[in-house]
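All remarks here apply to the structure that follows.
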């Protein structure tokens, strides 16, 4: 038996989007020395709204695009390690927040299940 709630489904999607953002940031950092590489990103809020409107079984693939407004080096690469480090810190906080909310929701559900058993 699988027990889910509306909140646990939403937090699951939030964690999936945060994971996608973390992977993208890691990819940007890995390509810091690749000539011509352009920093990739997506609008988290917009993609999260899209994910919340999609069916639960739909794959969550954010619309990734090049990040505008970054300074390019002579080799054409525009990855900024300062920007990516800040992104990584933000995404880690987002992920920790999501895990905390999900843990709280599961604790609430388990309490409700055990309360009915008494």
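Descriptive notes on the structure:
- On Cα atoms only, tilt of 44-53 relative to the major axis of the chain in degrees: 40
- Report summary: the helix-based calculation at 222 nm, which adds -39500 (n - 2.57) for every DSSP H run with n ≥ 4 and divides by the residues of the chain, gives -21500 deg cm²/dmol.
- Cα gyration tensor, region 50-118 - rounded (a/c under 1.5), prolate or oblate: oblate
- Degrees between helix 6-30 axis and first principal axis of the chain (Cα, 0 to 90, nearest 10): 20
- Cα gyration tensor shape for the chain, rounded if a/c is under 1.5, else prolate or oblate: prolate
- Ordering of 7-14, 50-57, 74-81 by packing [mean C-beta count within 10 Å, highest first]: 7-14, 74-81, 50-57
Read the figures in this text as sums done on the coordinates, not as results from a lab. What you see is a predicted model, and the numbers here were worked out from it, not measured in a lab. Cβ sites come from the backbone with ideal geometry, for glycine too, and all protein chains shown count toward neighbours.
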